[in-house]
1. Could you list which residues have their amide H under 5 Å from that of ARG21, counting only those 5 or more apart in sequence or on another chain, with H placed in the peptide plane?
2. For THR31 and ALA85 in one chain, what is 0.36 nm times their gap in residues minus the Cα-Cα distance, to one decimal in nm?
3. At a Förster radius of 30 Å, what calculated FRET efficiency corresponds to the Cβ-Cβ distance of LEU23 and TYR67, to the nearest 0.05?
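What follows draws every value from the coordinates through simple rules; no lab data is involved. If you're wondering where the values come from, they're calculated on a predicted model, not measured in any experiment. FYI the Cβ positions are ideal-geometry reconstructions off the backbone, even for glycines, and counts take in every protein chain you see.
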Amino acid sequence: MDATHIYCANCRAIRPVEFERLLASEASLGTAARCVRCGWLALTMIGEARVYCDVCDEIRPALLHEYRPAGLLSGGLVRCAVCYASRARLYGTKVSAR
């Protein structure tokens, strides 16, 4: 899935998402997924398929669970692969796994 939107807890709505490095000069610190409208930080991704989990207080593998579409968008729930805590609700378009 190419994520284009997130559920923003601050706006209490599905909003466009922007991805940017936490520190522009240091890619290893990860990428922030933020609400375009208010700047709320939905999740921090560190490398491929790894997220910071505030429940485990560690960087953990991430799982993406597909769920019902929101209008024209497909939905996915980003979870910690260790404790299964939900990190964010992402929405976007489906991408072929080819």
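1. So ARG21 has HN proximity to ALA32.
2. Between THR31 and ALA85, full extension yields 17.5 nm more.
3. Values: r = 32 Å, r/R0 = 1.08.
Result of the calculation: an efficiency of 0.40.
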